[in-house]
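The values are calculated or read from the model by the stated rules, or taken from the named source; none is laboratory data. Every value quoted in this text rests on a predicted model; they were computed, and no experiment measured them. Backbone-built Cβ (ideal geometry, glycine too); neighbour counts: all protein chains shown. The accessibility values were calculated without ligands, DNA or RNA, using every heavy atom of the protein model including side chains. Shrake-Rupley method; radii C 1.70, N 1.55, O 1.52, S 1.80 Å.
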Amino acid sequence: MAQKSIIEVSTKSKTDWIDITKAVQEQVESSGIKEGIAVVYVPHTTAGITINEHADPAVVADINDKLADLIPADRSYSHTEGNSDGHIKASLIGTSQTIFISNKELELGTWQGIFFCEFDGPRNRKVYVKVLGN
Ligand code: ZN
């Protein structure tokens with residue numbers, strides 16, 4: 001069995017991480033799939049998907065501060081659209097995550113959450129969720 005769905009995300013600033021864990025879990029529940037995997041994917045070139053701590057927002061702030069140090073927006077890049085830092089950050093973070101599903105639940109660790117990572121906002125974005133299993 002497989003179900004594909006889309007989660008709509010509206011980001012509020014240039015860099016904006018949105019916790020989509022509950023929205024993905026809802027897609028798992030609506031799929032009726034008990035055992036399998038969920039693939040969470042962004043069809044964008046300046047956004048990514050990652051899994052990290054969602055209990056303390058300082059963790060996300062630290063990750064974004066370090067990414068900004070490593071990949072400054074204000075240096076010169078070949079790509080003239082002005083969002084090269086966003087493209088590079090998106091490639092480092094990656095476009096998808098795969099999560100096991102066990103007994104209709106995402107198998108995440110206690111402190112783990114799934115984040116949509118905006119690097120060229122604010123924008124309206126889409127996240128594809130494909131749930132596979134039985
Ligand atoms: Zn660009």
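Assorted remarks:
- Coil-residue GluC sites (Glu not before Pro) of the stretch 17-77, DSSP, other Cβ within 10 Å capped at 16: Glu35
- Charge tally around Glu29: other residues with Cβ under 10 Å, Lys/Arg +1 each, Asp/Glu -1 each, net -1.
- Take the Cα of Thr95, step 7 Å toward its Cβ, do the same at Ser30, and the gap between the two points is 2.4 nm.
- Taking θ as phi - 60° and the Karplus parameters 6.51, -1.76 and 1.60, the scalar couplings of the stretch 2-17 work out to 8, 9, 10, 9, 10, 9, 8, 10, 10, 8, 10, 8, 4, 10, 7, 9 Hz in sequence order, x denoting glycine and proline.
- Dividing the convex hull volume of the alpha carbon atoms of the chain by its residue count gives 96 Å³ per residue.
- Over the chain, dividing the summed -39,500 (n - 2.57) contributions of all DSSP H runs of at least 4 residues by the number of residues returns a 222 nm mean residue ellipticity of -8000 deg cm²/dmol.
- Between amide H atoms placed 1.01 Å from N, distances below 5 Å from Ile114 occur with Ile20, Thr21, all of them 5 or more places distant or on a separate chain.
- Links that overshoot a 26 Å alpha carbon limit, given the list Lys12/Lys34; Lys14/Lys66; Lys14/Lys34: Lys12/Lys34; Lys14/Lys34
- Computed lengthening from Glu105 to Asp56, 0.36 nm per intervening residue step minus Cα-Cα distance: 15.4 nm
- Carbon + sulfur, % of accessible area of the chain - ligands and nucleic acids excluded, 1.4 Å: 50
- Mean Cα-pair separation over length for the stretch 23-134, i.e. relative contact order, pairs under 8 Å, 6 or more apart, %: 53
- Comparing Ile20, Ile51, Ile93 in a Gaussian network model of the chain (Cα springs below 10 Å), the most mobile by mean-square fluctuation is Ile93.
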